[in-house]
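The values are calculated or read from the model by the stated rules, or taken from the named source; none is laboratory data. Since the structure is predicted, the reported quantities are computational estimates derived from the model, not experimental observations. Ideal geometry is used to build each Cβ from the backbone, glycine not excepted, and the neighbour counts take in all protein chains shown. In case anyone asks, the SASA skips ligands and DNA or RNA and just uses the protein heavy atoms, side chains included. Shrake-Rupley method; radii C 1.70, N 1.55, O 1.52, S 1.80 Å.
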Amino acid sequence: MATAAYPGWMIDCKTEVTKSKEWSTVTRELHAAIEQELTESHVAQFTDLSEAEKRLLMNRAANAIQHGDAYKSFNSKLSTFLDHYLNNYVGQQLLEEFPSESKTDLILHQVREGAFGLLRRWPEMKCKLHLCFNQNLPDRLRQMAWKLNLRNPKARSSYLEILKADPNSAMSVMDLDIIHKCEILLQAEPTFRNLSHNADILHAMKAVLSYHHARKNTQTSLVDTDYMLVIPFIVHLLTTLRPDQLVAENCRALLIEEYITFMATRPLYMKEAFNPESNAAMQNLISTVADILERHGSKLARHMQKTFKAANNLEGQEALLEGLKSLIRPMVRCMFVGYLTLDTVLYIWDQHIIGLDTPIYDIVPTMAAVVLKLLNQTLMECSTLYGMEEALKRDASSLTKEQFMYEINKHFYQDLFAILNKDHGRLPVLDPTQMAMPWSQWNKNVIPPNLTAQDRQQAREQRQSKKQRELYQRHQEEEERNRQKHEEKHQREQDEKDKQNLEKLLQQERQEREKHDRQTKQEIDVLKKEIDRLKMIQQPSNRPGSLSEPSSQGRQPDSPPRTSSGDDDRGDRKGAEKTTKDMLNHFANGARSLGGQSQ
């Protein structure tokens, strides 16, 4: 089995049990009983059977050995192991976790978790919930019990298919009228006021009733009891869910599955009055309630008979039956919803639902009689049927589930428990006032082993010191993580800043290089122009017979004599060449300097 679904102490207990010699002995006897059943049934191999046949054969084999010594020894060893491991597990919780609950509360919590895991793994064991008769079921166990006993995969899949194909088909033509009536009911009924003014609860309730009405395929509106009976299904989910989760598709599917199944399997006396079978069932219920009142509240029964005689002009038992029918029929048809508090209603519904697998079991007549019995003093003061009806509606909400549990345990437990388990084998009826507690370790302080007040004080101080060290260590680790994060963030910011600076420097150098390139180009252009100009100057002086060398015949008489003219021209040319060389050298030096900077 998957270990995650079970508490740790249960896993440890299972491991230890399977190693014991008692387990080996009982499994050998079980195998022998199975072989005998196969032989008597003329079956060659166990694997030839279907799953249902295998379960039937296993149950027969188990019933065959359950009265033997090996089975009794195994049960004793199993009880010892459960006692030991559960007690040690809870003791360890008390040592390490400082729980606010008592040891008994912790033990009960762990037992509930174990039972929840077992039922989830083997839902066919739901009949074991009969052991919880007249008990207040924990929230999760209640949800599991309702889910197992009201399971209807066909109804669920049908709703989901309709919702997927055409969501409008899952709504009634009277959808607006339904939601309006739901809103009025939640606000007007005193026991529902905690549910009013919540849109999620309202829409979840409307979704269930609208689909229910659409399935009926009728133009008539739903009766009041249909609205009342959906309330417990909403409330029992709200014990572990938030209201906004009710409108989720899976929650709506679960609500519809449970409600549709309940409406189909509810007792006949809860159905419409025009049904002949319903009227007959109601008469039987009223007769049962009258018998209970005459046995356990004879004075109230006589007072009612006298009051109903005047109201209905009937005599004797007939007057009592007719008056009771008018008095309790509305309460019974809605199964106490709207009369009792929702907490008490859930308790009564628990007792009804865990017995759905036993057709002869019916808790409703007994609960109706208990309501009248608990309101005995108020009803005795009423002199009319109308006064009794008003008193029932007004004062029934003051009754608590503990009062019902006490009355059931005192007057009706043995008979109802026997009926509930008539077809499910013999189960023990545990009365803690008459039987010794079978698990002795619950009252033994094996853990913790502290015997004195000083030891316990020292252990507490050590645990507190350990917790403080752990808290300090976690705080230091958190600070170190924050410091590392801050440093990494700072480093990233610094890297980003350095990157931006480098990019800025590169951009500046690029701009300067472009500037130097432009200047160099301008200087080169200037030099080229100068060279061209110089060439223009040099070319005329080099041609023979040019104007730079005039003949003696052409001289003017008054011109001074020109001597050494060739020396002057050569001086000019040398000066121009020197100037050109200087400019070229300047240009070369500038180019070399620019190249060095760019590198």
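For every residue, the table says whether it meets (1) in contact with a Cys (Cβ under 8 Å, 6 or more places away or on another chain); (2) without any contact (Cβ under 8 Å) to a residue 24 or more places away in the chain; (3) of a type outside the set (S, T, Y).
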site: W349; (1), (2), (3): no, no, yes
site: H352; (1), (2), (3): no, yes, yes
site: L356; (1), (2), (3): no, no, yes
site: V371; (1), (2), (3): no, no, yes
site: L374; (1), (2), (3): no, no, yes
site: M388; (1), (2), (3): yes, no, yes
site: D415; (1), (2), (3): no, yes, yes
site: L420; (1), (2), (3): no, no, yes
Completion exercise
Just one listed residue, out of Q454, Q468, Q476, is at negative phi, at pLDDT below 90, surrounded by 10 or more Cβ atoms within 10 Å (Cβ to Cβ) and not charged (D, E, K, R), and it is Q468
Fill in the blank from the handout: The correct count of residues that are hydroxyl-bearing (S, T, Y) and buried (at least 19 other Cβ atoms within 10 Å of the Cβ) in segment 81-122 is 2
Exercise for the section: Please verify whether segment 358-379 includes one or more residues that are within 16 Å of L268 (Cα to Cα) and acidic (D, E). Expected result: yes
Practice task
Name, by its number, the condition in (1) modelled with pLDDT under 85; (2) farther than 30 Å from H296 by Cα; (3) under 37 Å from the mean Cα position of the chain (by Cα) that does not hold for L430.
Solution key: (2)
Handout entry: Subset tally (residues that are more than 24 Å from P123 (Cα to Cα) and open to solvent by 70 Å² or more (accessible area, probe 1.4 Å)) for segment 32-47
Key = 7
Practice task
Go through segment 68-163 and tell me which helices (runs of 4 or more DSSP H), entirely inside it, have 2 or more residues that are among the charged types (D, E, K, R) and over 30 Å from Y361 (Cα atoms).
Solution key: 69-96, 103-121
Handout entry: Qualifying positions in segment 189-202 - open to solvent by less than 70 Å² (accessible area, probe 1.4 Å) and under 13 Å from V337 (Cα atoms)
Key = E189, T191, F192
Fill in the blank from the handout: Subset of segment 258-289, residues of a type in the set (A, V, I, L, M) and part of a loop (DSSP other than H, G, I, E, B), comes to A273
Exercise for the section: Pairs only if they're at least six apart or on different chains, beta carbon under 6 angstrom, first in segment 11-31 and open to solvent by less than 60 Å² (accessible area, probe 1.4 Å), second among the charged types (D, E, K, R); list them, first residue then second. Expected result: S20/K77; E22/K77
Fill in the blank from the handout: Scanning segment 272-293 residue by residue, those open to solvent by 50 Å² or more (accessible area, probe 1.4 Å), in contact with a Lys or Arg (Cβ under 9 Å, 6 or more places away or on another chain) and over 11 Å from L324 (Cβ atoms) turn out to be E277
Practice task
Filter segment 189-236 for residues that are small (G, A, S), out of contact with any helix residue (DSSP H, G or I) (no Cβ under 6 Å at 6 or more places or on another chain) and farther than 23 Å from R266 by Cα and give the result.
Solution key: A199
Practice task
Given the conditions (1) in contact (Cβ under 8 Å) with a residue 60 or more places away in the chain; (2) surrounded by 21 or more Cβ atoms within 10 Å (Cβ to Cβ); (3) farther than 30 Å from N284 by Cα, report the number of the one that Y269 does not fulfil.
Solution key: (3)
Exercise for the section: Please work out if L186 is open to solvent by less than 50 Å² (accessible area, probe 1.4 Å) and in contact with a helix residue (DSSP H, G or I) (Cβ under 9 Å, 6 or more places away or on another chain). Expected result: yes
Fill in the blank from the handout: Of those in segment 203-222 that are polar (S, T, N, Q) and in contact (Cβ under 8 Å) with a residue 24 or more places away in the chain, the residue most open to solvent (accessible area, probe 1.4 Å) is Q219
Problem - Residue ID - farthest from F262 (Cα to Cα), chosen from residues in segment 172-183 that are under 29 Å from the mean Cα position of the chain (by Cα) and surrounded by fewer than 20 Cβ atoms within 10 Å (Cβ to Cβ) - result: E183
Completion exercise
Note on segment 223-253: residues open to solvent by 10 Å² or more (accessible area, probe 1.4 Å) and either in contact with a His (Cβ under 9 Å, 6 or more places away or on another chain) or among the basic types (K, R) (or both) are R242, V247, R252
Problem - Output for segment 196-227, where each listed residue is among the charged types (D, E, K, R) and under 17 Å from L163 (Cβ atoms) - result: K206, R215
